[in-house]
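**Student:** After the structure tokens below, expect a handful of questions from me.
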Amino acid sequence: MLSNDTCEKLKGMGLEAFLKGLREQQQVSTYADMPFEERLAMLIDFVYQDKHATKLKRLINQAKFRFKDADSNSIVYVNRQLDQNQILSLLTCQFLETYTNIIITGFTGSGKTYLGCVIGKAVCRHGKSVLYMRLADLLEKMAIAGETIGGKLKLLKRLSRYNLLIIDEWASRTVRPDEAHFLFDLVEQRYGNSSMLLCTQHPIKEWHNLLGGDANADSIMDRLVQNAIHVYTGETNMRNILSPYPLHPEENH
């Protein structure tokens, strides 16, 4: 048994997981007959897994996903315009290595946000940082930041740190010139450095006008669309299918 002094030293060095694993080993008699190296290796594996689980939990909490329980195993592919091979490829997160963007389009209720959260959680499992935001919330933060000197710049720098930035309800309304300029600065800072994932029910051909229809819109479109993987979730209303009280077709509008 370890002395209290030794236990306190382990805690002082931030090795609580090591101490926890060691105590679990001490409660199982079979560990006592194992060679020291084998027992140490198992203890290190325990500490590694514990540390990974703690980091994953922190990354998921930090991401502020709309659907924290989003799970790739829950994605429905049957009778749906969703490319399973494409989704499985995205879940490897290789798109991060080339700073490729992802654009998810589809009808209302077709599962765009859920799919975005599934991909975002996969990025977290790779130890990378993610932030989920609705466009309306992003623009509100921009407005608040603009009330202080240098506030917008600080916000842009913070948003540029995430490996993946998810913006939901993208192009949900026509933006003002100052908002378009802010979005251009955001996209410009992330271009060639990190990836963005956009969820929207508006086809890409409609974006230019919704982004102001000017030079800022041109620049935003060029940086977002040219280097992007396009995912179409189709027309099926998944909320209606998965609801315990589904609407009749004539009510679903």
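**Student:** How many residues are of a type outside the set (A, V, I, L, M) and part of a helix (DSSP H, G or I) when one looks only at region 213-232?
**Tutor:** So the answer is 5.
**Student:** For region 207-225, which positions are touching a strand residue (DSSP E or B) at 6+ places or on another chain (Cβ under 9 Å), without any contact (Cβ under 8 Å) to a residue 60 or more places away in the chain and either open to solvent by 10 Å² or more (accessible area, probe 1.4 Å) or closer than 18 Å to Lys141 by Cβ (or both)?
**Tutor:** Across region 207-225, the qualifying residue is only Arg223.
**Student:** Looking at this structure, is Asp50 under 23 Å from Arg125 (Cα atoms), modelled with pLDDT under 70 and either among the acidic types (Asp, Glu) or open to solvent by less than 90 Å² (accessible area, probe 1.4 Å) (or both)?
**Tutor:** Considered against the rule, which asks whether it is under 23 Å from Arg125 (Cα atoms), modelled with pLDDT under 70 and either among the acidic types (Asp, Glu) or open to solvent by less than 90 Å² (accessible area, probe 1.4 Å) (or both), Asp50 comes out as yes.
**Student:** So is Lys128 within 21 Å of Gly212 (Cα to Cα), open to solvent by 10 Å² or more (accessible area, probe 1.4 Å) and at pLDDT 95 or above or not?
**Tutor:** no
**Student:** Just name the residue that is surrounded by the most Cβ atoms within 10 Å (Cβ to Cβ) out of those in region 80-123 that are small (Gly, Ala, Ser) and in a loop (DSSP other than H, G, I, E, B).
**Tutor:** For region 80-123, the residue satisfying everything is Gly111.
**Student:** Sticking with this one: Quick check: is even one residue across region 162-174 in contact (Cβ under 8 Å) with a residue 12 or more places away in the chain, in a helix (DSSP H, G or I), in contact with a helix residue (DSSP H, G or I) (Cβ under 8 Å, 6 or more places away or on another chain) and surrounded by fewer than 20 Cβ atoms within 10 Å (Cβ to Cβ)?
**Tutor:** No, because not a single residue in region 162-174 is in contact (Cβ under 8 Å) with a residue 12 or more places away in the chain, in a helix (DSSP H, G or I), in contact with a helix residue (DSSP H, G or I) (Cβ under 8 Å, 6 or more places away or on another chain) and surrounded by fewer than 20 Cβ atoms within 10 Å (Cβ to Cβ).
Residues checked against (1) at pLDDT below 95; (2) under 21 Å from the mean Cα position of the chain (by Cα); (3) within 18 Å of Cys117 (Cβ to Cβ):
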{"position": "Leu156", "(1), (2), (3)": "no, yes, no"}
{"position": "Glu169", "(1), (2), (3)": "no, yes, yes"}
{"position": "Leu186", "(1), (2), (3)": "no, yes, no"}
{"position": "Leu198", "(1), (2), (3)": "no, yes, yes"}
{"position": "Asp214", "(1), (2), (3)": "yes, no, no"}
{"position": "Glu235", "(1), (2), (3)": "yes, no, no"}
{"position": "Ser243", "(1), (2), (3)": "yes, no, no"}
{"position": "Glu250", "(1), (2), (3)": "yes, no, no"}
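The values are calculated or read from the model by the stated rules, or taken from the named source; none is laboratory data. This one's a predicted model, so the numbers in the text were calculated from it and none came from an experiment. All Cβ positions, glycine included, derive from the backbone under ideal geometry; neighbour counts span all protein chains shown. To get the accessible areas, we keep the full protein, side chains included, count just its heavy atoms, and leave off ligands, DNA and RNA. Shrake-Rupley method; radii C 1.70, N 1.55, O 1.52, S 1.80 Å.
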